[in-house]
Amino acid sequence: MMQSHFQGSDDGPQVVAWELTRRCPLACRHCRASARNTAYEGELTTEECLRVVESLVALGSKPLLILTGGEPLSRADVWTIAKRASGGGLRVVMAPCGISVDDEAVRRMRESGITAISLSVDGATADQHDAFRGVPGSFAANLKAMNCARRAGLPFQINALVSRATLNDLPAIRELALREGASQLDLFFLVPVGRGSGIREFALAAGDCESALEWAVRMNARGPLRIKTTCAPQVIRVRHRLNMPVNGTRPGSPTGGCMAGRGFVFISHTGILQPCGFCDVPAGDLRKAGLDFMAAYKASDVFRQLQDVDGYGGKCGVCEYRAVCGGCRARALAATGDYLAGEPSCSYQPSESRAP
C-alpha cells in the first residue's frame, strides 16, 4: 500500500476552511449550504471568532486558513479576524463572491494580511455562469474582481465547477484563467448536497469523471497554469497511472486525495467542525469545547474514523490507493448515507490480488 501523505492529528490539520457566515448574495444552483441573502442565527460573534483564531494560531501544524462563506465580506469584522490570524503567523486566504470585490476590498485584504483569493467561474460565457450562479452580471463582476486583484498584485485562483453542464467548457475556462492571469485553476467536481442535490443529474458518471481527470492531469503537466482538483481524490491514482508530474514535481508525488478529516477541517458558521464543507457530519462543537479548536478536534470520533482508512467500506476499503486517495467521503455520504462507504464516482475496481 502506498504511504499516506496526510498529516496526523497530533499537531492539527494542514488546512482549515472557516465559513464565517452563511449569508450570501448569490443563489448558486450547486450551493452546498443552500445559502441565502439573509441573516443567520447563532453565528459566532467577533469575540468568539478571535478566541478561535488564537486556538488556531497555537496549533503546531500552522494550518492554511481559508476564510469563506457564504460571503465572508458580508461580515464587518472580517478584517479584524483576518488581521489577528495573519498577525499570529497563519497564512490567510479568502473565497469571496466576485460581486463583492472592488479596489477598496482588495486594499483591505492586503492590509489585513490576506495573501490570495479564489473566484468562481462556472461556465466560459456570461450566460452559462450567471444561470448557475442565479444573479445576472455575476460573470462580469468576477472579471472586474480579477482585474482589481491583478492591479493590486493580489494572487487569485479560479474555481470552476465540473459537471455535465460544464464538462465541455473546461478548455475554454482554462484559456480564460490563463488570459486573466490566475495563479491556479481548481476544478470542483459536483457533489450533490445542499441545493446541489436538486441537480444530481448533472454529476458526472464514473467514466466521464475519469476522462475529466485525465484531461486535468495532462493540462497541469503541460503548464504553465497549475490545475488542481477538489472532490475527486482519485486524481492521484490517475496521475500515477499516467506517470504525470505536477508542474515539475516527480511522478508519483503525493498530491491529491480526500483530505476530509485527514489534514482538512471545516468550521461552520455556528462553530461546528466537519470533515469538509460538503460532508455535513458534525465532528465537534467549538462552543462546547470552550472555543478551543484542538480540544474539539482531538475529541472527535469522526476524525478518528476518517484517519483509519482500513475501516472504509466497499472497494475503498481494499483499494491499494486508499491511504493516498481515500475516495470522496462527501460523495459517499450523499450517495449512501454513510461517509465511510465506497466512492461511487470512481471507475477503478481493485482486485483481491492487488488488495493488501
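Computed from the coordinates by the stated procedures, all read-outs in this text should not be read as laboratory data. The structure displayed is predicted, hence computed values, not measured ones. As a convention, Cβ positions derive from the backbone with ideal geometry for all residues, glycine included, and neighbour counts pool all protein chains shown.
Each residue of the stretch 149-165 was assigned a 3J(HN,Hα) from its phi angle through the Karplus curve 6.51 cos²θ - 1.76 cosθ + 1.60 (θ = phi - 60°); the sequence is 5, 4, 4, 8, x, 9, x, 9, 10, 9, 9, 9, 6, 10, 8, 4, 6 Hz, with glycine and proline shown as x. Under a model in which nothing but the beta-carbon of Lys, Arg (+1) and Asp, Glu (-1) is charged, the chain shows a dipole of about 680 debye around its Cα centre. Here the peptides 113-125, 203-215 are ranked by packing, the mean other Cβ count within 10 Å, and the order with the highest first is 113-125, 203-215. Database remark: amide H of residue 229 closer than 5 angstrom to the amide H of 187 (H placed geometrically; neighbours at sequence offset of 5 or more, or on other chains; Pro and chain starts carry no H).
Cβ crowding within 10 Å ranks 316, 328 as 316, 328, fewest other Cβ atoms first. Label positions at residue 214 and residue 62, each projected 7 Å from the Cα along the C-beta direction, are separated by 4.1 nm. Note on the chain: Lys pairs 8 or more places apart or on different chains, Cα atoms under 24 Å apart, count 6.
Of the trypsin sites (Lys or Arg not before Pro) in the stretch 80-166, the ones in a loop by DSSP (not H, G, I, E or B) with at most 14 other beta carbons within 10 Å are 164. Taking amide hydrogens as placed 1.01 Å from N in the peptide plane, the amide H of residue 117 sits under 5 Å from those of 94, 156, 157, each at least 5 positions away in sequence or on another chain. Treating each Cα of the stretch 263-330 as one equal point scatterer and applying the Debye formula with no solvent, the log10 of I(q)/I(0) at q = 0.12, 0.18, 0.19, 0.20 Å⁻¹ comes out as -0.33, -0.67, -0.73, -0.79. The simple Förster model, with R0 at 35 Å and r as the Cβ-Cβ distance, assigns residue 287 and residue 183 a FRET efficiency of 0.45. Among 231, 279, 258, a tally of other beta-carbon atoms within 10 Å of each Cβ gives an order, fewest to most, of 231, 279, 258.
When Rg and the Kirkwood radius Rh are both evaluated on Cα atoms of the stretch 106-231, their ratio Rg/Rh stands at 0.98.
Computed over the alpha-carbon atoms, the chain gives an Rg to Rh ratio of 0.94, Rh here being the Kirkwood radius from the mean inverse distance.
Between 234, 178, 189, the Cα set farthest toward the positive side of the dipole of the chain (charges on each charged residue's Cβ, about the Cα centre) is that of 178. Amide H contacts of residue 285: 273, each under 5 Å away and 5 or more positions distant or on a separate chain (H built 1.01 Å from N in the peptide plane; Pro and chain starts excluded). Ordering 348, 312 by the number of other Cβ atoms within 10 Å of each residue's own Cβ, fewest first, gives 348, 312.
For the charge dipole of the chain, defined by +1 on Lys and Arg C-beta atoms and -1 on Asp and Glu C-beta atoms about the Cα centroid, which residue among 134, 16, 243 has the Cα displaced farthest towards the positive pole? Positive-most Cα among the choices belongs to 243. Of 335, 294, 309, whose Cα points farthest to the positive end of the dipole of the stretch 293-336 (charges on the beta-carbon: +1 Lys, Arg; -1 Asp, Glu; origin at the Cα centre)? Ranked along the dipole, the leading option is 335.
Counting only DSSP beta bridges whose two residues both lie in the chain, roughly 10 percent are antiparallel.
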